[in-house]
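To start, the structure under review is shown below, and the notes come after it.
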Amino acid sequence: MKFLKTVASMRAMIKEKGGPIKSTRTALRVFRHHGIQGLQDALIRPPAWHALPIGSDYAIEVPFQYVPPPRTRRVCAIVHAYYPELCLEIRKYLENIPGDLDVYISTTSPGKRDEISHVFEGFNKGKVEIRIFENRGRDIAPKLVGFKDVYALYDFALSLHTKKSPHGGTPLENWRHYLYENLLGSSAIVSSIFELLEHDRVGLVFPQHFPYLRSSLGWGANFPRCRRLLKKMGLKLSPGASYDFPSGSMFWCRTNALTKLLSLNLDFKDFDDEAGQIDGTLAHAIERMFLFAVEGSGYTWAKISRPDLYPLQSAILPVHEAADLPALLSRVHRSLLRS
């Protein structure tokens with residue numbers, strides 16, 4: 001059976017690449033650059049990415065239309081600051097988090113560390129710790145490798161980074177602002193997110209996709225690596241599911257919800273050398289695996305949206321009281337894994 005699937009994949013690739021001669025040239029080029037693993041990856045046919053129509057891709061409105069009760073939580077922010085000039089903006093947003101907050105910041109050089117340290121002078125919500133790592137794995141490697149020791153100390157964690165997206169030009173200029181505003185735009189928004197993380201095993205909360213990006217969501221060049229990650233975590237895709245991920249890799253989470261990813265015991269050397277890639281790296285693959293890992297750790301997930309930042313109001317679900325949450329969450333979450 002496996003042999004027949006391989007033959008079928010080869011036939012499909014030959015047809016796709018324009019016949020046997022062109023496909024042979026492509027195979028040789030892949031082999032020269034990526035070896036046997038590259039050839040094997042080229043034969044993997046990813047399952048269809050069934051994106052939900054925008055009108056039925058629901059998100060919970062933030063802030064809620066009621067004030068959630070205050071709760072005591074151990075909270076940290078894990079921030080990758082490749083662009084330290086954006087740290088003042090981040091500090092201002094972090095001030096919107098109610099209660100105490102410890103901040104862990106990664107960057108790539110002593111000079112950047114000093115610049116960041118200056119920006120966070122006088123921060124009085126909690127401690128600020130800055131670590132220097134090699135420029136590898138974007139924000140993902142520092143988050144899962146460099147700060148792996150941090151998660152057990154906290155209940156909730158914020159994942160943030162200094163996003164610029166220079167490859168996207170003008171259409172992506174507001175992406176960072178969109179993500180920051182949805183996650184940290186006010187104390188009321190953060191309090192609403194904390195309340196979500198207290199309900200129905202919600203393990204990860206992330207913003208609805210930036211509207212300009214919706215048409216480009218999918219596996220991209222990442223499925224072979226995603227497949228290997230799923231196998232290492234002991235997880236299987238649900239056939240025909242409408243897959244999803246936190247595009248931009250910024251979110252709030254329960255720290256226990258990342259158990260499956262942290263248990264991979266990744267190292268910086270597992271990540272690709274930095275070359276300005278816009279797709280196809282281990283970091284891009286892991287970005288698409290967050291929700292699968294959360295479900296594999298026994299949790300669900302939820303999308304959020306600010307009505308003033310999203311064009312389709314009918315897909316945003318307001319929360320009038322705590323009793324609304326179970327029904328609304330069932331409309332937002334859909335299982336991505338095979339049971």
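So which residues in the stretch 176-188 are assigned to a loop (DSSP other than H, G, I, E, B) and either of a type in the set (D, E, K, R) or under 17 Å from residue 161 (Cα atoms) (or both)? Explain how you work it out, then say what you get.
From the stretch 176-188, those assigned to a loop (DSSP other than H, G, I, E, B) are 185-186; that's our starting set.
Of everything in the stretch 176-188, just one residue is assigned to a loop (DSSP other than H, G, I, E, B) and either of a type in the set (D, E, K, R) or under 17 Å from residue 161 (Cα atoms) (or both), namely 185.
Please verify whether residue 125 is part of a loop (DSSP other than H, G, I, E, B) and more than 16 Å from the chain's Cα centre (by Cα), treating the condition exactly as stated. If you could, list the steps in order and put the result at the bottom.
Numbers: part of a loop (DSSP other than H, G, I, E, B): yes; more than 16 Å from the chain's Cα centre (by Cα): yes.
Taking the combined requirement at face value, the residue satisfies it.
Name the pairs: first residue in the stretch 259-274 and without any contact (Cβ under 8 Å) to a residue 40 or more places away in the chain, second residue open to solvent by less than 60 Å² (accessible area, probe 1.4 Å), Cβ to Cβ under 6 Å, at least 6 apart or on different chains?
These pairs meet every condition: 259/297; 260/233; 260/293; 260/296; 260/297.
From the list 199, 177, 161, exactly one residue is surrounded by fewer than 17 Cβ atoms within 10 Å (Cβ to Cβ), of a type outside the set (Val, Ile, Thr) and touching a residue at least 40 places away in the same chain (Cβ under 8 Å). Which is it? Steps first, please.
Values: 177 fails: touching a residue at least 40 places away in the same chain (Cβ under 8 Å); 161 fails: surrounded by fewer than 17 Cβ atoms within 10 Å (Cβ to Cβ).
The match here is 199.
Of (1) of a type in the set (A, V, I, L, M); (2) within 23 Å of residue 242 (Cα to Cα); (3) open to solvent by less than 10 Å² (accessible area, probe 1.4 Å), residue 328 satisfies all except one. Which?
Failed condition: (3).
Does residue 153 fit the bill of being open to solvent by 40 Å² or more (accessible area, probe 1.4 Å) and modelled with pLDDT of 95 or more? Break it down stepwise before answering.
Values: open to solvent by 40 Å² or more (accessible area, probe 1.4 Å): yes; modelled with pLDDT of 95 or more: yes.
In short, yes.
Which residues, taken from the stretch 87-101, are out of contact with any Pro (no Cβ under 9 Å at 6 or more places or on another chain) and either among the aromatic types (Phe, Trp, Tyr) or not in a helix (DSSP H, G or I) (or both)?
Residues of the stretch 87-101 out of contact with any Pro (no Cβ under 9 Å at 6 or more places or on another chain): 87-97, 100-101.
Listed by number, the residues that qualify are 93, 95, 96, 97, 100, 101.
Among the listed residues 137, 185, which satisfies the condition of being small (Gly, Ala, Ser), more than 28 Å from residue 306 (Cβ to Cβ) and crowded, with 18+ Cβ neighbours inside 10 Å?
Details: 185 fails: more than 28 Å from residue 306 (Cβ to Cβ).
When all the criteria are applied, what remains is 137.
Return the total of residues in the stretch 48-65 being loosely packed, with under 15 Cβ neighbours inside 10 Å and over 19 Å from the mean Cα position of the chain (by Cα).
So the answer is 5.
Which of the residues belonging to the stretch 297-325 are of a type in the set (Val, Ile, Thr) and surrounded by 20 or more Cβ atoms within 10 Å (Cβ to Cβ)?
Keep residues of the stretch 297-325 that are of a type in the set (Val, Ile, Thr), which gives 300, 304, 316, 319.
Selection gives 300, 304, 319.
Only one of (1) within 18 Å of residue 190 (Cα to Cα); (2) assigned to a strand (DSSP E or B) fails for residue 104. Which number is that?
For residue 104, the failing item is (1).
Restricting to the stretch 277-296, name every residue that is farther than 13 Å from residue 246 by Cα, open to solvent by 20 Å² or more (accessible area, probe 1.4 Å), in a loop (DSSP other than H, G, I, E, B) and not hydrophobic (A, V, I, L, M, F, W, C).
277, 279, 280, listed by residue number.
Run residue 218 past the list (1) over 30 Å from residue 194 (Cβ atoms); (2) open to solvent by 40 Å² or more (accessible area, probe 1.4 Å) and report the number of the one that doesn't hold.
The failed condition is (2).
Is there any pair with a first residue in the stretch 239-257 that is buried (at least 19 other Cβ atoms within 10 Å of the Cβ) and a second that is assigned to a loop (DSSP other than H, G, I, E, B) and of a type in the set (Gly, Ala, Ser) whose Cβ atoms are under 7 Å apart and which are 6 or more apart or on different chains, and what are they?
These pairs meet every condition: 257/297.
Being within 30 Å of residue 273 (Cα to Cα) and assigned to a loop (DSSP other than H, G, I, E, B): is that true of residue 164 here?
On the way: within 30 Å of residue 273 (Cα to Cα): yes; assigned to a loop (DSSP other than H, G, I, E, B): yes.
Taking the combined requirement at face value, the residue satisfies it.
Residue-by-condition table, conditions (1) modelled with pLDDT of 95 or more; (2) in contact with a Cys (Cβ under 9 Å, 6 or more places away or on another chain); (3) in a loop (DSSP other than H, G, I, E, B):
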position: 190; (1), (2), (3): yes, no, no
position: 194; (1), (2), (3): yes, no, no
position: 215; (1), (2), (3): no, no, no
position: 225; (1), (2), (3): no, no, no
position: 230; (1), (2), (3): no, no, no
position: 240; (1), (2), (3): no, no, yes
position: 244; (1), (2), (3): no, no, yes
position: 247; (1), (2), (3): no, no, yes
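The values are calculated or read from the model by the stated rules, or taken from the named source; none is laboratory data. These figures come from a predicted structure and were not determined experimentally. Heads up, the Cβs are rebuilt from the backbone with ideal geometry, glycines too, and the neighbour counts pull from every protein chain shown. Keep in mind that these areas ignore ligands, DNA and RNA; they rest on the heavy atoms of the full protein, side chains included. Shrake-Rupley method; radii C 1.70, N 1.55, O 1.52, S 1.80 Å.
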